[in-house]
Amino acid sequence: MNKKPRSLIRIIIPVVLTLVTIALIVWPMLAGGQYVVLDPKGPVGASQRDLIVISTILCAVVIVPVLILSAVIVWRYRDKPDNKSAYEPNWSHSTKAEAIWWTVPIIIIGLLAVVTIRYTYDLEPSKPLASEKAPVTIQVSSLDWKWLFMYPEQGIATVNTLNIPADRPVKFELTADSPMNSFWIPQLGGQIYTMSGMAMTLYLQADHEGQYWGSGANFTGEHFAQMRFDVNATSEEDFDKWVTEVKQQSQPLTQETYKTLAEPGTSNVAYYSSFPEGLFQDIVTKYVIDGQSAHSKHGEASGAKEITTQDVDKSAN
Amino acid sequence: MLERLKEFASEFFVTGDPLIYGADVAIGITMITIVAVLTYFKKWGWLWRNWLTTVDHKKIGIMYIIASIIMLFRGGVDALMMRLQLAMPNMDFLHPEHYNQVFTTHGTIMILFMAMPFMFGLFNVIVPLQIGARDVAFPFLNALSFWLFFLGAMLFNLSFVIGGSPDAGWLSYPPLSELSHSPGVGQNFYIWGIQISGIGSLATGINFLVTIIKMRAPGMKWMKMPMFTWSVFSTCIIILFAFPILTVTLALLFLDRFAGAHFFTLDLGGNPMMYINLIWMWGHPEVYIVVLPAFGVFSEIVSTFSKKKLFGYKSMVFAMLIISFLSFFTWAHHFFTMGSGADVNAFFAVTTMLIAIPTGVKIFNWLFTMFRGRIRMDTPMLWTLAFIPCFIVGGMTGVMLSVAPADFQFHNSYFLIAHFHQVLIGGVVFGYFAGLYYWWPKMFGFQLPEKLGKWAFWTWNIGFYVCFMPQYAVGLMGMTRRLSTYGWDTGWWELNFVSTIGAFLMGVGFLFQVAQIADGIRKYKTLKASGDPWGGRTLEWSIPSPAPEYNFAITPRGDDIDEWWEEKERRAKGIYPPEQPLEPIHMPKNSAIPFIMSICWFVAGFGFVFGWLWMAILGLAGVGICMIARSFSYDTDYYIPVDEIKRTEASLRGSV
Ligand code: HEM
Ligand SMILES: [Cu+2]
Ligand SMILES: [Cu+2]
């Protein structure tokens, strides 16, 4: 072995560079923000977190050994005059070896597929959550560039802020009066699209009181970045108190105020003591012609029901 | 009059942004310089005869690659601008509309005007040489494809300074891309830029399919074809099925915008969902279109630089064909969260995961090609080695995304951005770089200086991880894609700041590459390459570098997968092939029609963009005239006489 000082430098430089790179990557991962997706506060988010963990482990089982194997192979068979490892330039086939690396991925993907299919049915967003308590319904409309939340049972509405009772399922009905957006409260569970002409259903629940945040996840143009909102999960009593306060202290949302609200533009947080009857259905059916929604078929399986004019008649209570 | 002119100009030219004025000046200066240099050195004739009218597949390939690298620069500057805007919360570098234009053009340019032409460039330069052919099946069409791509790309790029850029995302979902939400001309530029170049892409797909089916050297059975050629073949099959979908989709979108149709608008019964389905039926296969040829490149390089036969040839072929088939059954994974129901989601989740199986097999085969080999670390091999871990990790996060209920949390977040850049940069860009370095001597006859290349390699790679690893993390923190700004309260800034550092490191890597090429050109006399500088295995290494116009003086045979390697072994044993007499070689003549016809398309496209029907009709008429002119040109080929072949061979071989 020849140990010239040059070769020492050639080792130090890559080592330092690697360390700096790793430090650069790791430091910001530890500093600052909170891993909301991995820190769920409700049953849906928790299942999704579990699934993320399971799938990561299943994948890692294959890729970590492969990464190590690659490093070993590259090191061992590098072209050095004094490399004594075997060299077989014509060895290019081995049925046994190939059978192994066809089967291993097939098994892993098979396992993952089974897990995925189970969770896909379990976590179908329109499936009600198991709970003794009846769900609260909240109607969500994404507008350009704000969120309108209507609470049909309470008769109030809010913009860019959402209050829910903790420890009770929430049934979100979602639509859009704008290009489609996506409704996402990471700590409660994954997102779902809001689309005009269609009402989607998403059940979520906050297990604990607390403040979480949500956002619009699908690009809708200029001020799409402003579509963040706070989610306040409070006790049942506080929720009722809050509803009463809103009822007493704010103005009603009228057809006219809605029209202004729906125009493109950003908005501050706002509260409304009431909202026009059937407004949500009006938004959904804005483009419905002859009782036919444009989203023919594709939403039906999810229970994201297509609202036809008939439904509107029924639900306009 | 003057007032009206002023008003027109203020709409026609993009105004009001210092960045754009800067670009205007830069473009102006570049144009003037190019014209001045060409005139001063009296190179107009040379340019016309050797490049603008050429039908030589090697030159066309080189032009594709040059254009693609320029577009990499443009798309890269876009990327850096975005990263700069995101480096800190509430940065006021780009306004939201401008940011939206930038990510739209970045995505579109990178996929359609950088990755695609780079790929076509490699097809053109290498496939005929690898299969022992003198040309592609339709050389005229090949030139036309290039010029259509080029002028389509130029039309798209023009939107930046004239009329305004599109800003509805690289897939342009309605209604954002409809007249109601994008009343300007930007979206028209998008439609016509892609449409014009798309015709070229489809034609190239057909051209290479036929070339590979029909023009292989005698003896080259299907299962003797080099792996890169196989990858091109599977890619062209996807192109053949995917690009017509794109053409139709964009045509319908254009009819919505231009003719008041309602295919994708909700009012009057249109359906935006249909657009989303259609665009992804093209869009998902498209990512396999760009990555499969990279797999082919890696296969060639791994076996050459390990001095060993490719392991598991049949598996590799089979895996590639399965991937091209499966790529058409995954598109709905782009909208798992759109309420399609558990049945549909489960189906598309599983079909998506299935692709990981053949891909995994390919990785194992590459590893076992190196196993018991002798691995040399020249730059093409370095990029290949860097690809392996990068693609393994990117593939893994892809599988994680395909787990439908988990995707509810990943979708539209930076986790996704990190994933697709990892496979697109780690797979596609690294792959094409590897291919470029590998075949550079074959294209230009000299080798690139390795030292700067290694600097480029390391800065690119370190930059890559520093840029994209934090994005997985910030995605799990809830940061969504396409955000032009965010607040301090989000806790995202550290990750974004580091990510931006990484992006700029990649930019430095690119500069090293430019320096490397410049240095190589400066010293090209001392860097002269032999016909076979790497100890190659396939037929392209059996001829001089750069390849003569007619490629092979004598049609080679292709009896073995590594024909040239076997030939070298035979020669080492003293077995030489029997001398064959030279014969005159039949070649296609240059033609100006592809260039002129594409310019007519450009004019027509420009007319459609601004709704100037007269101009569109003028352009289309020009296209028609070109077609007629072509159908009446009978004198389209010639023979290279034996003397000239002898002279060329002697002078080229002299330097071997
Ligand atoms: C060279 C380093 C690169 C950097 C730093 C970079 C950075 C970015 C950034 C910051 C975004 C926007 C994310 C957002 O606002 O949501 C983006 C989007 C995108 N990039 Fe890159 N990128 C790079 C290379 C590439 C390459 C090589 C490709 C393709 C071959 C590519 C394809 C895309 C696409 C398709 C999008 C999506 C655009 C959209 O959302 O409409 N990028 N990139
Ligand atoms: Cu829908
Ligand atoms: Cu896809």
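The values are calculated or read from the model by the stated rules, or taken from the named source; none is laboratory data. Source: prediction; values computed, not measured. Cβ sites come from the backbone with ideal geometry, for glycine too, and all protein chains shown count toward neighbours. Protein only, heavy atoms only, side chains kept; ligands, DNA and RNA dropped before computing areas. Shrake-Rupley method; radii C 1.70, N 1.55, O 1.52, S 1.80 Å.
Under a cut-off of 25 Å between alpha-carbon atoms, report the lysines in cross-link reach of residue B:224, not counting same-chain residues fewer than 8 places apart.
Output for residue B:224: A:96, B:58, B:214, B:307, B:308, B:309, B:314, B:362, B:442, B:568, B:573.
To the nearest 0.05, what FRET efficiency results for residue B:575 and residue B:48 with a Förster distance of 45 Å applied to their C-beta separation?
0.45
Applying the Karplus parametrisation 6.51 cos²θ - 1.76 cosθ + 1.60 with θ = phi - 60° to the phi angles of segment B:22-27, what ³J(HN,Hα) value in whole Hz is obtained for each residue in order, glycine and proline being reported as x?
For segment B:22-27, the Karplus curve yields x, 5, 3, 4, 4, 5 Hz.
Leaving out ligands, DNA and RNA, what percent of the accessible area of segment A:74-129 is carbon and sulfur, probe 1.4 Å?
Roughly 66 percent of what the probe reaches on segment A:74-129 is carbon or sulfur.
Given points 7 Å out from each Cα along the Cα-Cβ axis, report the residue A:64 to residue A:94 separation in nanometres with one decimal.
Once both label points are built, they end up 2.4 nm from each other.
Please work out how much length the chain gains when fully extended from residue B:627 to residue B:223, using 0.36 nm per residue of separation minus the C-alpha to C-alpha distance, in nm with one decimal.
My answer for the length gained is 141.6 nm.
What FRET efficiency comes out for the pair residue A:12/residue B:247, r = Cβ-Cβ distance, R0 = 45 Å, nearest 0.05?
According to the calculation, E is roughly 0.20.
Suppose we compare each residue of segment A:182-224 in its chain alone and in the full protein complex with a 1.4 Å probe; which ones drop by at least 30 Å² of accessible area?
By number: A:184, A:191, A:193, A:213, A:217, A:219, A:222, A:224.
Step through the residues of segment B:378-392 one at a time and calculate ³J(HN,Hα) from phi using the Karplus curve (6.51 cos²θ - 1.76 cosθ + 1.60, θ = phi - 60°), rounding each to whole Hz and writing x for Gly and Pro.
3J(HN,Hα) across segment B:378-392, in whole Hz: 6, 3, x, 6, 4, 5, 5, 5, 5, 4, 4, x, 4, 6, 4.
Name the long-range amide H neighbours of residue A:250: under 5 Å, sequence gap of 5 or more, or other chain; modelled H, no Pro or chain starts.
Result for residue A:250 returns A:273.
Output the antiparallel fraction of DSSP beta bridges having both residues in the protein assembly as shown, as a percent to the nearest 5.
If we restrict to bridges inside the protein assembly as shown, about 75 percent are antiparallel.
To the nearest 0.05, what FRET efficiency results for residue A:31 and residue A:122 with a Förster distance of 35 Å applied to their C-beta separation?
0.50
Taking only protein heavy atoms into account and a 1.4 Å probe, give the accessible area per residue of segment B:63-118 in Å².
I get 30 Å² per residue for segment B:63-118.
Could you state the number of Å between the C-alpha centres of segment A:196-212 and segment B:101-130?
Here the two parts' Cα centres lie 42 Å apart.
Could you give the length gained on full extension between residue B:639 and residue B:377, defined as 0.36 nm per residue of separation minus the Cα-Cα distance, in nm?
Answer, rounded to one decimal: 90.0 nm.
Taking amide H positions as placed 1.01 Å from N in the peptide plane, with prolines and chain starts having none, which residues 5 or more places from residue B:162, or on another chain, fall under 5 Å of its amide H?
Answer set, sorted by chain and number: B:14.
Looking only at segment B:563-600, which residues have a backbone nitrogen under 12 Å from a spot 7 Å from the Cα of residue B:554 in the C-beta direction?
Within reach of a label on residue B:554, which here means backbone N under 12 Å from a point 7 Å along Cα→Cβ, segment B:563-600 contributes B:576-583.
Please give the Cα centre distance for segment A:1-78 versus segment B:196-242, rounded to the nearest Å.
Between the Cα centre of segment A:1-78 and that of segment B:196-242, the gap is 38 Å.
Under the rule of at least 5 residues apart or a separate chain, name every residue whose amide H is placed under 5 Å from the amide H of residue B:446.
Excluding prolines and chain starts, which carry no amide H, the hits are B:529.
Just counting partner chain Cβ atoms within 10 Å, what average do the residues of peptide B:261-268 show around their Cβ?
Per residue, the number of nearby Cβ atoms from other chains is 3 on average.
Below 29 Å, Cα to Cα, which lysines can residue A:146 reach? Residues fewer than 8 away in the same chain don't count.
A:41, A:127, A:171, A:241, A:247, A:259, A:286, A:297, A:305, A:314
Filter the trypsin sites (Lys or Arg not before Pro) in segment A:1-84 to those in DSSP coil with at most 14 other Cβ atoms within 10 Å of their Cβ, and list the result.
Qualifying residues, ordered by number: A:3, A:84.
Please give, to one decimal in nm, the separation of the simple spin-label points placed at residue B:525 and residue B:13, each 7 Å out from Cα toward the Cβ.
4.5 nm
Fully extended, how many nm does the chain gain between residue B:180 and residue B:93 (0.36 nm per residue separation, minus their Cα-Cα distance)?
The span from residue B:180 to residue B:93 would gain 28.5 nm if fully extended.
What does the charge add up to near residue B:109, with Lys and Arg as +1, Asp and Glu as -1, over the other residues with Cβ less than 15 Å from its Cβ?
Counting the neighbours of residue B:109, the net charge comes to -2.
In segment B:323-360, what residues drop by 20 Å² or more of accessible area when the other protein chains are put back, versus the chain on its own? Use 1.4 Å, and skip ligands and nucleic acids.
Output list: B:337, B:338, B:339, B:340, B:341, B:342, B:343, B:346, B:350, B:353, B:357.
Taking only protein heavy atoms into account and a 1.4 Å probe, give the accessible area per residue of segment B:193-257 in Å².
On a per-residue basis, segment B:193-257 sits at 29 Å².
Tell me the label-point distance for the pair residue B:511, residue B:32, using the 7 Å Cα-to-Cβ offset, in nm and rounded to one decimal.
Here the modelled spin labels are 2.6 nm apart.
Relative to the isolated chain, which residues of segment A:99-143 have their accessible area cut by 40 Å² or more in the presence of all protein chains (1.4 Å probe, heavy atoms, no ligands or nucleic acids)?
A:101, A:102, A:105, A:109, A:116, A:120, A:121
Could you tally the net charge around residue A:221, taking each other residue with its Cβ under 11 Å from the Cβ of residue A:221, Lys/Arg +1 and Asp/Glu -1?
That sum, taken over residues with Cβ under 11 Å, equals -3.
Can you work out ³J(HN,Hα) from phi for every residue in segment A:256-270, in order, using Karplus 6.51 cos²θ - 1.76 cosθ + 1.60 and θ = phi - 60°, giving whole Hz and x for Gly and Pro?
Karplus values, whole Hz, x for Gly and Pro: 5, 4, 4, 4, 5, 4, 6, 5, x, x, 8, 8, 7, 5, 9.
Over segment B:469-625, with every protein chain in place, what whole percent of the accessible area is carbon and sulfur at 1.4 Å, could you tell me?
The value for segment B:469-625 is 67 percent carbon and sulfur by accessible area.
Can you give the direction-averaged projected area of the convex hull of the alpha-carbon atoms in chain B, in nm²?
Its average projected convex-hull area is 30.8 nm².
What number results when the radius of gyration of chain A, computed over Cα atoms, is divided by 2.2 N^0.38 Å?
1.39
For the pair B and A, how large is the buried accessible area, both sides, in square angstrom to the nearest 100, if the probe is 1.4 Å?
Using a 1.4 Å probe, the pair buries roughly 8600 Å².
Over segment B:1-56, with every protein chain in place, what whole percent of the accessible area is carbon and sulfur at 1.4 Å, could you tell me?
Summing carbon and sulfur atoms, their accessible area is 73 percent of the total for segment B:1-56.
Residues of segment B:490-529 with the amide nitrogen closer than 12 Å to a label point 7 Å from the Cα of residue B:84, along Cα-to-Cβ, please.
Under 12 Å, as judged by backbone N against the label point of residue B:84, lie B:504 of segment B:490-529.
Could you state the accessible area per residue of segment A:222-282 in Å², with a 1.4 Å probe and every protein chain left in place?
Value for segment A:222-282: 56 Å² per residue.
Summing +1 for each Lys or Arg and -1 for each Asp or Glu, what net charge is found among the other residues whose Cβ lies under 15 Å from the Cβ of residue B:493?
Neighbourhood net charge equals -2.
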